[in-house]
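Below is one structure; the comments refer to it alone.
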Amino acid sequence: MASFADYTSIDPRAEIADEVEIGPFCVIGPHVRIGRGTRLMSHVTLFGDVTIGERNRIYPNTVIGAEPQDLTYRGTRTRVTIGDDNIIREGVTINRATEKEDGETRIGNANFLMANCHIAHDCKIGNHVIIANGTLLGGHVHVDDHASLSGGVGVHHYTSIGRFSFVSGLSRILHDVPPFMLVDGVPARPRCINVVALRRHNFSPESIESLAEAHRLLYRAKVGSVNAREILRSNYRLTPEVEHLLAFVDNQQQGKHGRARERRRAA
């Protein structure tokens, strides 16, 4: 009777550290590096130049490092880099980069990517990010630390998603998502601050109240970031978190269609 080892293909040139667990029916290419303590449950496919750090858990039918789904890609050797302590659930796809930026699709540490989500070419995911089932990130999307995306979200390419933000389920993300905000809708708009995450991460009451006032001025009163900054300064609410939010909004407004990283394309 054949053993599971007979159905697992590991190129001898792959670099695999100690204490790595590789389950049945995995395929590992020649330019793959896997750090200590990482577990590939089964049916995991690693293509191309892929570096995976330590203590990651990767579930069945995940494909990492396949060619970018970009018609301009011409086979340049680009890469995927994944940090430590990530959970990557069933059916996740993570494409390697194009040559349009730095040639790297990058995922940081302690992220939770739920079943069947897609991380396209050139995406940059920070640390402690949660991306729920069936969410799709277009190419060149940046997601900052502690952001959470619910299920079935579609994110336009070149979008930036700010830290400690929350995107509700089935939202359509066409514009940058400001930090500390909860966004919802088709297309999504900031509805309120992400107060649950702020409290969980021990933001001070002063910071939370100041962010709530900043949200009111920016997205309800619509006074604009310049006037909002002056009002918040006069009320002693210009906290570091509010400064970060206002800088994000200023940068966003200089971009194209509400996406700061497309500034170079703006007319």
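The values are calculated or read from the model by the stated rules, or taken from the named source; none is laboratory data. Note that the structure is a prediction, hence the values are computed from the model and not measured. Don't worry about glycine lacking a Cβ; one is built from the backbone with ideal geometry, like all the others, and counts go over all protein chains shown.
Worth a mention:
- Boolean, G162 is modelled with pLDDT of 95 or more, in contact with a helix residue (DSSP H, G or I) (Cβ under 6 Å, 6 or more places away or on another chain) and at negative phi: yes
- Selection of segment 30-39 for residues being part of a loop (DSSP other than H, G, I, E, B) and surrounded by fewer than 20 Cβ atoms within 10 Å (Cβ to Cβ) yields P30, H31, R36, G37.
- Residues that are exposed (fewer than 13 other Cβ atoms within 10 Å of the Cβ), among the aliphatic types (A, V, I, L, M) and out of contact with any Ser or Thr (no Cβ under 9 Å at 6 or more places or on another chain), drawn from segment 178-209: V196
- Restricting segment 172-193 to residues that are more than 16 Å from the chain's Cα centre (by Cα) and outside any strand (DSSP E or B) leaves a set whose member that is nearest to S225 (Cα to Cα) is P187.
- Filter result (under 14 Å from A147 (Cβ atoms) and either in a strand (DSSP E or B) or in contact with a helix residue (DSSP H, G or I) (Cβ under 8 Å, 6 or more places away or on another chain) (or both)) within segment 194-205: L198
- Being small (G, A, S), closer than 25 Å to S150 by Cα and either crowded, with 20+ Cβ neighbours inside 10 Å or touching a Gly at 6+ places or on another chain (Cβ under 7 Å) (or both) is a property that S171 has.
- Screening segment 89-112 for residues that are in a loop (DSSP other than H, G, I, E, B) and polar (S, T, N, Q) and picking the one that is nearest to H157 (Cα to Cα) gives T98.
- Selection within segment 210-267 - surrounded by fewer than 17 Cβ atoms within 10 Å (Cβ to Cβ), in a helix (DSSP H, G or I) and at pLDDT below 95: Q253, R263, R264, R265
- Matching residues in segment 246-267 - criterion: being of a type in the set (A, V, I, L, M, F, W, C) and in contact with a helix residue (DSSP H, G or I) (Cβ under 6 Å, 6 or more places away or on another chain): L246, V249, A260
- Of all residues in segment 120-153, those being surrounded by 24 or more Cβ atoms within 10 Å (Cβ to Cβ), closer than 19 Å to V63 by Cα and out of contact with any His (no Cβ under 9 Å at 6 or more places or on another chain) number 1.
- Scoring E213 on the criteria (1) more than 25 Å from N127 (Cα to Cα); (2) charged (D, E, K, R); (3) out of contact with any helix residue (DSSP H, G or I) (no Cβ under 8 Å at 6 or more places or on another chain) leaves a single failure, condition (3).
- Residue within segment 114-135 that is aliphatic (A, V, I, L, M), over 25 Å from H175 (Cβ atoms) and not in a loop (DSSP other than H, G, I, E, B) present: no
- For segment 40-49, the set of residues classified as crowded, with 23+ Cβ neighbours inside 10 Å and either basic (K, R) or closer than 22 Å to P68 by Cβ (or both) consists of V44, L46, listed by residue number.
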